[in-house]
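As structure tokens, the structure follows; a few thoughts come after it.
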Amino acid sequence: MKFYTNDFSPNCRRVEAVLYHLGLHDGVETHRLNLAAGEHMSDEMRTANPNMKVPTLVIADMKLWEANPMMIYLCDRAGAEAFCPSDLNSRFEILRWMSWEVQHYNRALGEVIWETIVKPSFDMGEPDQAKIDAGLENYRRFAAVLNDRLSGRNYILGDKVTVTDFAVGAPSAFALHPQSQIPLQDYPNVEAWYQRLESLPAWSKTAPPRPAAEAAE
Ligand SMILES: N[C@@H](CCC(=O)N[C@@H](CS)C(=O)NCC(=O)O)C(=O)O
């Protein structure tokens, strides 16, 4: 199994964490690509994924791209029923929250983090306050939904961690970073759930390096 990944990417982190969680990581040939240096723009990557994006997994003849379906594939292949339940209702919940995080929650979070963490870390210009404000307004709308969902639950589907948490929680390290401006103090269930995720072995093994801006201090 070949895994093309990047250490800063929440999309990659969620897949690598699943590989650790399922005990598959040792059998993986991992290619850590420097996206800023364009290492993903290669013929090898184009063959593995015509989008030339990470995460990408190659398992024999299967070329897997798009993080969320990749995670479900890995779980089903490993028979990880508790981590990725296959009954009809659970599958609906998993797919619903995955679709929601891509379209709403993590999109809003990403808009803010791009300005507050990514741009300063990679010398990409000054943060745009108007974009931060718009992103935060969006974030608050969806964070309230997640905060309610996590009321009385340790994880999104219930008491046990599932693949759903790895998908929705993928940018946890950035959201928790003080530089992010994400108002987690107003969403205490979300903050506690992020901390819970961070303490899982598979999650802590895949923590991104500290943002360059902080490392330079
Ligand atoms: N929807 C894709 C997103 C993939 C993606 O955008 N990956 C980024 C890193 S997070 C990437 O490869 N960027 C390099 C580029 O677009 O050139 C997924 O879920 O895997």
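Every read-out reported here was derived from the displayed coordinates using simple, explicitly stated rules and does not represent laboratory data. Given the structure is predicted, the values throughout are model-derived calculations rather than measurements. Heads up, the Cβs are rebuilt from the backbone with ideal geometry, glycines too, and the neighbour counts pull from every protein chain shown.
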Across all Cα atoms of the chain, Rg and the largest Cα-Cα distance (Dmax), in Å, are 17.1, 50
Would you mind telling me which residue in Leu184, Leu200, Leu136 has the biggest mean-square fluctuation in a Gaussian network model of the chain, where springs connect alpha carbons within a distance under 10 angstrom? Leu200
For the chain, set up a GNM with springs between Cα atoms under 10 Å and report which of Asn89, Asn147, Asn34 has the largest fluctuation. Asn89
Looking at the chain as a GNM with Cα springs under 10 Å, which of Met45, Met98, Met62 has the largest mean-square fluctuation? Met62
For the stretch 2-78, treating each Cα as an identical point scatterer without solvent, what Debye log10 I(q)/I(0) comes out at q = 0.20 1/Å? -0.81
Enumerate the calculated ³J(HN,Hα) couplings along the stretch 42-54 in order (Karplus 6.51 cos²θ - 1.76 cosθ + 1.60, θ = phi - 60°), each rounded to whole Hz, writing x wherever the residue is Gly or Pro. 10, 5, 4, 5, 4, 5, 6, 8, x, 7, 6, 10, 10
If a/c stays under 1.5 just call it rounded; otherwise compare a/b with b/c (prolate if a/b is bigger, oblate if not). Do that for the stretch 88-204, with a ≥ b ≥ c from the square roots of the Cα gyration tensor eigenvalues. prolate
Most positive-pole-ward Cα, Pro127, Leu150, Gln181, against dipole of the chain from beta carbon charges: Leu150
Pairs Lys63/Lys131; Lys63/Lys119; Lys119/Lys205; Lys160/Lys205; Lys119/Lys160: which exceed 27 Å Cα-Cα? Lys63/Lys131; Lys63/Lys119; Lys119/Lys160
